[in-house]
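What follows is a short report on a single structure.
What follows draws every value from the coordinates through simple rules; no lab data is involved. Keep in mind that this is a model prediction, so the values were computed, not measured. We place every Cβ from the backbone using ideal geometry, glycine too, and count neighbours over all the protein chains shown.
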Amino acid sequence: MRFRSAFAFDIRFQWRHGFYWIYVIICTFYLVLLHLIPDHYREQTMLLLTFIDPSALGLILAGGIVLLERDQGIHDPLFVTPIRVSYDERKAAPVRTP
């Protein structure tokens with residue numbers, strides 16, 4: 001039960017700070033970019049984006065989340081709570097959820 005409430009809090013936190021809108025904007029940019037690329041380069045570009053996109057967006061989202069939480073002072077009380085899931089697992093769950 002505690003994991004569910006922590007998970008729901010993380011989703012609300014990310015929504016409130018606009019992380020999902022950033023992802024929508026970047027995906028829209030990729031779609032526009034793919035339509036502008038000539039057809040004979042499009043398949044190679046899509047393959048390249050498949051490998052680059054998850055790592056780049058994951059880095060942006062994870063870095064932004066950690067920096068916002070540090071600025072708000074969430075880390076100190078977080079580590080004395082009785083949640084059994086590690087901090088890394090709890091932070092990764094909302095980002096990787098479709």
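Quick check: is even one residue across segment 22-36 in contact with a His (Cβ under 8 Å, 6 or more places away or on another chain), on the phi < 0 side of the Ramachandran plot and touching a residue at least 24 places away in the same chain (Cβ under 8 Å)? No: segment 22-36 contains no residue that is in contact with a His (Cβ under 8 Å, 6 or more places away or on another chain), on the phi < 0 side of the Ramachandran plot and touching a residue at least 24 places away in the same chain (Cβ under 8 Å).
Determine whether segment 59-75 contains at least one residue that is outside any helix (DSSP H, G or I) and within 13 Å of the chain's Cα centre (by Cα). Among the residues of segment 59-75, not one is outside any helix (DSSP H, G or I) and within 13 Å of the chain's Cα centre (by Cα), which makes the answer no. Across segment 5-26, the number of residues qualifying as more than 12 Å from the chain's Cα centre (by Cα) and surrounded by fewer than 12 Cβ atoms within 10 Å (Cβ to Cβ) comes to 5.
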